[in-house]
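What follows is a set of notes on a single structure, which appears directly below.
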Amino acid sequence: MKEKKMLSIVDIASLAGVSTATVSHVINKTGRFSKETEEKVRTVIKEYGYVSNNTARTLRSSASHTVGLILPNINNDFFSSIAVSIEQYFDFNDYALFICNTDNDPQKERRYFHRLDSMRVDGIIVISCQKEIEAGILSREIPVVLLDRTPKNEQDLCIVTSDVIKGIHDATTSLIDKGCRNIVFISSYLATYVKTNRKDGYLNAMHDHGLDKEQSVIQLGEGPSIVNAEIEIIDYVSKGNKVDGIICTSDNQAIGAMEGLKRLGLRVPEDVKVFGFDNQFQSRICTPTLSTIERNPSLLGRISSEVLLNLIRNKPVEKSTVIDCSLVNRESTQ
């Protein structure tokens, strides 16, 4: 079978009856052109299978039209939702996205920085697991946007985060408004990266309502797993401590806590009301369904993408963007 000839922009312009500049604008989604003109050009492109020469374009413009995303765990619903949002945004803007999964390993993250640098990406979005991002981690001056986590850096990098402290504060206040007074906060402390102190939201809400003496914090020493949270809440209640509300920093912790309460003969939400964190898939299918704090990963992905693309195009941006969390109320807090 005879292969179709691979057309140049000049060939496409001739077949579509437009200028080469117009073809370039349509391909790169720049400038102004009518819908009719775009349809003519894209019909020719589709028929003849035109593919732009990105290598040549990179050499001419020093731009690769590629970006990198470094994230800690692609299996996590929150991070995968962010990745989908970022991929869709850059695909629409004619950029390819390289996704790098670090498994929360700082050394692996640094290797990915170096690899993306050598691949000549135009910019990087990173959900970092490092405590500090060194100034010399890249050999070139390209934009880097910090997303969700805020490691120390000396580069004055743009940051996009969610207001998790206010989210925890709102959830704690919601339980207090429902009559809870013996509220337990469950977190973990194994992370190597710099974490926003979500506990402050809980402590501030308890203080605001004069409940400082009733506060209790459980730190999971083995990470935020379902089993660990189950064990810890059973141990806490078995020691005679009262509990009528629980705030967790992950949905897994909350599901584990609910299982522990069940084993203790306590009912959710009649005896104890429970809030999770992140609105992951399992929060919608567990029994009872889990109230949780939503960070809107799709919005975080889109905003961080907009910031990075504006930096690539030398447009002004906000150095710090903070997105509100919202409460998702389900059966566990009714």
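The values are calculated or read from the model by the stated rules, or taken from the named source; none is laboratory data. Being a predicted model, the structure only gives us computed values, none of them experimental. Heads up, the Cβs are rebuilt from the backbone with ideal geometry, glycines too, and the neighbour counts pull from every protein chain shown. Protein only, heavy atoms only, side chains kept; ligands, DNA and RNA dropped before computing areas. Shrake-Rupley method; radii C 1.70, N 1.55, O 1.52, S 1.80 Å.
For this structure, a couple of remarks:
- Wholly within the range 273-334, strands (runs of 3 or more DSSP E) carrying at least 2 residues that are open to solvent by less than 60 Å² (accessible area, probe 1.4 Å) and more than 27 Å from VAL67 (Cβ to Cβ): 273-275, 292-294, 326-328
- Scan of the range 178-231 for residues that are at pLDDT 90 or above and among the aromatic types (Phe, Trp, Tyr), ordered by number: PHE185, TYR202
- Count of the range 70-99 residues which are aromatic (Phe, Trp, Tyr) and in contact with a His (Cβ under 8 Å, 6 or more places away or on another chain): 1
- Residues in the range 244-255 that are modelled with pLDDT of 95 or more and open to solvent by 20 Å² or more (accessible area, probe 1.4 Å): 2 in all.
- 1 or more residues over 23 Å from LEU309 (Cα atoms) and either open to solvent by less than 40 Å² (accessible area, probe 1.4 Å) or among the small types (Gly, Ala, Ser) (or both): qualifying strands (runs of 3 or more DSSP E) within the range 102-169: none
- Restricting PHE275, PHE281 to those that are out of contact with any strand residue (DSSP E or B) (no Cβ under 9 Å at 6 or more places or on another chain) and either within 20 Å of GLU87 (Cβ to Cβ) or among the hydrophobic types (A, V, I, L, M, F, W, C) (or both) reduces the list to PHE281.
- The range 1-28, subset modelled with pLDDT under 75 and surrounded by 11 or more Cβ atoms within 10 Å (Cβ to Cβ), residue nearest to HIS65 (Cα to Cα): ASN28
- Selection count, the range 69-101, where residues are open to solvent by less than 20 Å² (accessible area, probe 1.4 Å) and in a helix (DSSP H, G or I): 7
- The residue pairs whose first member lies in the range 264-293 and is in contact (Cβ under 8 Å) with a residue 60 or more places away in the chain, whose second member is surrounded by fewer than 16 Cβ atoms within 10 Å (Cβ to Cβ) and part of a strand (DSSP E or B), and whose beta carbons are closer than 8 Å, counting only pairs six or more residues apart or on different chains, are ILE293/SER326.
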